[in-house]
Amino acid sequence: MAIRCVYTDLDGTLLGRGGALVKDADGAFTLLPVRALEACARASVEVVAISGRRRPTVAEIARLLGQTAFVYEVGCGLSIDGEDRLLTGDLQPRDGMTVHDLIAAYGGSQLLLDHYAGRLEYHEPWHSNREFSHLMRGLVDAGEATALLAEHGHGDLRLVDNGAIAPKPSLPGLDGPPHAYHLVPRTASKARAVEAHMRARGYAQGETIAVGDSREDVGVAPVVGRFFLVANGASKDPTLRGAHVNVEVTEERNGEGFYEAVVRSLAEER
């Protein structure tokens, strides 16, 4: 089946050091991600960014990539051709409050910060001005945290592990590298957003691939034709290699791994 769409995470996947499209994992200049995007354009393949970043940031990146669809705040929202769809279930903005405000008002975020004091904190400064998810960092078991939320009446929320990040001086003594976490409505996920986009565009599973570096990204594997885990993601969390039968690991990291995934997929469909 011909590839019609590539879903890609941004930080740690398409983007290199410092969140730059033209930098590799070590900060050296590279055009391989751009060449992969060019290959997609020549083959009439749509590229959809699926990110934990805020809507304005992802919208601008999508515009620079020449794309009209994107997923933001870990699947809380999906934008297609200028029309936004919220995938937050019963948690909807109301009475002048955002979903982010409602989660805080109900006490879900503070519960986690108190319970995991010294192991979890807000991911400053990127935690500010968010509409849906609470962005945190630290090292906790996301499944355990989600169960804790349910035990305290927050069964409509879950904690998402969005991958390893650089060590932070504010979190000494962790057992490993800190991770970025998003506290989101339970119904929101990158996988659900990808499924919604596929339905809207009429894409069959075999016509899609996805590329990512985190556990939340790997959650997309069951809904697409092929999933590529970039080498840096596999290195930071080796358990992701066997997370799903559909996971393939690239030889290269970040944007060069994205290039490898795209070129391999386009070449093998011939």
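The values are calculated or read from the model by the stated rules, or taken from the named source; none is laboratory data. Everything numeric in this text was worked out from a predicted model, so none of it was measured. Here the Cβ is made from the backbone with ideal geometry for all residues, glycine too, and neighbour counts use every protein chain on show. These area figures cover heavy atoms from the full protein model, side chains too; ligands, DNA and RNA do not enter into them. Shrake-Rupley method; radii C 1.70, N 1.55, O 1.52, S 1.80 Å.
In table form, for the structure just shown:
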| quantity | calculated |
| --- | --- |
| Helical mean residue ellipticity (222 nm; -39500 (n - 2.57) per DSSP H run of 4+; nearest 500) of the chain | -9000 deg cm²/dmol |
| Per-residue ³J(HN,Hα) for the stretch 143-151, Karplus 6.51 cos²θ - 1.76 cosθ + 1.60, θ = phi - 60°, Hz, x for Gly and Pro | x, 5, 5, 5, 5, 4, 4, 4, 4 |
| Calculated from backbone phi, Karplus (6.51, -1.76, 1.60) coupling profile of the stretch 186-193 in Hz, x at Gly/Pro | 4, 6, 7, 6, 5, 4, 5, 5 |
| Gain in span if fully extended, T187 to E60, counting 0.36 nm per residue against the direct Cα distance | 43.2 nm |
| From phi via Karplus (6.51, -1.76, 1.60), per-residue ³J(HN,Hα) for the stretch 161-172 in Hz, x at Gly/Pro | 8, 9, x, 6, 10, 5, x, 10, x, 6, 10, x |
| Sequence-distant residues sharing a close amide H with Y7 (under 5 Å, placed H) | V48, I209, A210, V211 |
| Cα-based Rg / Dmax (Å) for the stretch 187-255 | 11.9, 35 |
| H152/V34 FRET efficiency (R0 41 Å; Cβ-Cβ; nearest 0.05) | 0.30 |
| Degrees, to the nearest 10: 32-42 long Cα axis against longest axis of the chain | 60 |
| Computed E for S170/T98 - FRET, C-beta separation, R0 35 angstrom, nearest 0.05 | 0.85 |
| Amide H contacts of R186 (H built 1.01 Å from N, under 5 Å, at least 5 apart or other chain) | L157, R158 |
| Interatomic Cα distance distribution for the chain, bins of 5 angstrom, percent | 1, 6, 14, 18, 20, 17, 12, 7, 4, 1, 0 |
| Accessible-area order (highest first, 1.4 angstrom probe) of the listed residues M136, M97 | M97, M136 |
